[in-house]
Amino acid sequence: ASAAANFGLRNPGLKPRALLGLLLLLVAGCSNSGAPTSPLAGAVLSADAARVEQLVRSGEDPNENWNGTPLLALALAGGQPAIAQALFDGGARVDAEIDGVGIVDGFYRDGDTVSGAWLEAHGAHRKP
């Protein structure tokens, strides 16, 4: 299983498991120089909502996967609804999947009902 499968990264007050998951996501998605692999991924990971909005408006793909994880899932897992909204407004798919599991189902499976509900409110559908 990839580090991205750990969706339980809600802020504030990260638990040790969530903090480890966030660390694994950060390390796994970096190039050899230690920088994120794309400008948009870097903006999402640094929680820079204004930069995310700017990059999406300039044509960056909001459906980009970073280390196998949709940027929308990273934003929600990191407790960044403004970034998730910017990605959504730019066309990010709410029914994206990681390893064949819809991100909405993954969040609910991991107990993150806030992110799951956000996705459902924006049109995502859970699998029966």
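Within the group ALA41, ALA86, ALA4, which residue is crowded, with 18+ Cβ neighbours inside 10 Å and at pLDDT 95 or above?
It is ALA86.
Report whether or not ALA82 is in contact with a strand residue (DSSP E or B) (Cβ under 6 Å, 6 or more places away or on another chain) and small (Gly, Ala, Ser). Steps first, answer last, please.
Values: in contact with a strand residue (DSSP E or B) (Cβ under 6 Å, 6 or more places away or on another chain): no; small (Gly, Ala, Ser): yes.
Against the criterion (in contact with a strand residue (DSSP E or B) (Cβ under 6 Å, 6 or more places away or on another chain) and small (Gly, Ala, Ser)), ALA82 does not qualify.
Every residue in the stretch 89-104 that is over 21 Å from VAL56 (Cα atoms) and either open to solvent by less than 30 Å² (accessible area, probe 1.4 Å) or modelled with pLDDT of 95 or more (or both), please.
So in the stretch 89-104, the residues over 21 Å from VAL56 (Cα atoms) come out as 98-102, 104.
Scanning the stretch 89-104 gives ILE98, GLY102, VAL104.
Consider GLU60 carefully, then state whether it is part of a helix (DSSP H, G or I) and open to solvent by 20 Å² or more (accessible area, probe 1.4 Å).
It is false that GLU60 is part of a helix (DSSP H, G or I) and open to solvent by 20 Å² or more (accessible area, probe 1.4 Å).
Determine which single condition GLU53 fails, assuming it passes every other condition in (1) assigned to a helix (DSSP H, G or I); (2) crowded, with 20+ Cβ neighbours inside 10 Å; (3) at pLDDT 95 or above.
Result: GLU53 passes all but (2).
The values are calculated or read from the model by the stated rules, or taken from the named source; none is laboratory data. Since this is a predicted model, take the numbers as computed values, not measurements. Neighbour counts run over all protein chains shown; Cβ positions are idealised from the backbone, glycine included. With ligands, DNA and RNA removed, areas are computed over all heavy atoms of the protein, side chains included. Shrake-Rupley method; radii C 1.70, N 1.55, O 1.52, S 1.80 Å.
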